[in-house]
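The structure under discussion appears below in the form of structure tokens.
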Amino acid sequence: MLTSPSELSDADLVARCLEEDARAWEVLVRRYRRLVWSIALGRGLQEDDAGEAFQRTWVTVHRSLGSLRSVDRLTSWIAAVARSQASRVIRSKSLDRRVAKELEERARAAGDSADAAEEFQDVAGALDRLGGKCRDLLKLLYWEDASYDDVTRATGMAAGSVGPTRARCLAKLRALMEGDAP
């Protein structure tokens, strides 16, 4: 009789995952989800950001499972991936906060001057040139101060893809603002 994936040892579960057994993958994620969540939350991430770290962790585990050298170290390997992904989310958020703070300080220093209005027009123009999903996402996040949950409802994006998409869109916007993009 075939063994249910939930009854498998980690070694057998990993072997089935490497054979692209979807049920085995679901069991693996269920088996270690608390570990990944606890690491993300333990790093001080709020729920939305912890969700992003959780999603990034499982994408990385899925892509790299074949490189796992010893299944005996599966738990510590998943924990290391989770710590790494949580740190990436923290760094990304830190950069976003620094950029937002710098823009806020510039606007405050400029007051109601024509420079502030011109800078706003430059950003609005770059967003319009950016277009599509990036424009919509950045406007939701930064102009409407929407949460990740709000963004997923408004756009239909998966919760785990909001952060990485935001990072790519900000990079594109910066390139447009600096004249490095068409």
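The values are calculated or read from the model by the stated rules, or taken from the named source; none is laboratory data. All figures in this text were calculated on a predicted structure; none of them were measured in a lab. Here the Cβ positions follow ideal geometry from the backbone for every residue, glycine too, while neighbour counts run over all protein chains shown. All accessible areas refer to the heavy atoms of the entire protein, side chains included, with ligands and DNA or RNA removed. Shrake-Rupley method; radii C 1.70, N 1.55, O 1.52, S 1.80 Å.
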Practice item. State all residues of region 153-166 that are more than 11 Å from GLU52 (Cβ to Cβ) and either open to solvent by 60 Å² or more (accessible area, probe 1.4 Å) or part of a helix (DSSP H, G or I) (or both); if no residue qualifies, say none. Key: ARG153, ALA154, THR155, GLY156
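Which one of these is in a helix (DSSP H, G or I) and touching a helix residue (DSSP H, G or I) at 6+ places or on another chain (Cβ under 7 Å): ALA40, ALA15?
On the way: ALA15 fails: touching a helix residue (DSSP H, G or I) at 6+ places or on another chain (Cβ under 7 Å).
Of ALA40, ALA15, the one residue that is in a helix (DSSP H, G or I) and touching a helix residue (DSSP H, G or I) at 6+ places or on another chain (Cβ under 7 Å) is ALA40.
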Review point. Does GLU20 satisfy the condition of being open to solvent by 60 Å² or more (accessible area, probe 1.4 Å) and either assigned to a helix (DSSP H, G or I) or under 25 Å from ALA158 (Cβ atoms) (or both)?
Key: yes
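Pull up region 66-90, narrow it to residues that are among the charged types (D, E, K, R) and under 14 Å from the mean Cα position of the chain (by Cα), then point me to the one that is least open to solvent (accessible area, probe 1.4 Å).
Filtering first and then ranking leaves ARG83.
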Point to revise | Any chance ALA116 is among the small types (Gly, Ala, Ser), modelled with pLDDT of 80 or more, assigned to a helix (DSSP H, G or I) and open to solvent by less than 60 Å² (accessible area, probe 1.4 Å) | key: no
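Looking only at region 137-156, which residues are hydrophobic (A, V, I, L, M, F, W, C) and out of contact with any Leu (no Cβ under 8 Å at 6 or more places or on another chain)?
LEU137, LEU140, LEU141, TRP143
Give the residue, chosen from ASP145, ASP180, ASP149, that is part of a loop (DSSP other than H, G, I, E, B), under 22 Å from GLN46 (Cβ atoms) and either open to solvent by 70 Å² or more (accessible area, probe 1.4 Å) or at pLDDT 80 or above (or both).
Details: ASP180 fails: under 22 Å from GLN46 (Cβ atoms); ASP149 fails: part of a loop (DSSP other than H, G, I, E, B).
Of ASP145, ASP180, ASP149, the one residue that is part of a loop (DSSP other than H, G, I, E, B), under 22 Å from GLN46 (Cβ atoms) and either open to solvent by 70 Å² or more (accessible area, probe 1.4 Å) or at pLDDT 80 or above (or both) is ASP145.
ALA100: open to solvent by less than 90 Å² (accessible area, probe 1.4 Å), at pLDDT below 85, under 16 Å from LEU173 (Cα atoms) and in a helix (DSSP H, G or I), yes or no?
On the way: open to solvent by less than 90 Å² (accessible area, probe 1.4 Å): yes; at pLDDT below 85: yes; under 16 Å from LEU173 (Cα atoms): yes; in a helix (DSSP H, G or I): yes.
It is true that ALA100 is open to solvent by less than 90 Å² (accessible area, probe 1.4 Å), at pLDDT below 85, under 16 Å from LEU173 (Cα atoms) and in a helix (DSSP H, G or I).
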Exercise for review: Could you grab me the full set of residues in region 120-165 that are touching a helix residue (DSSP H, G or I) at 6+ places or on another chain (Cβ under 8 Å), within 24 Å of VAL59 (Cα to Cα) and free of Cβ contacts under 8 Å to residues at least 40 places away in the same chain?
Suggested key: LYS133, CYS134, LEU137, LEU138, LEU141, ASP150, VAL151, THR152, ALA154, THR155, MET157, THR165
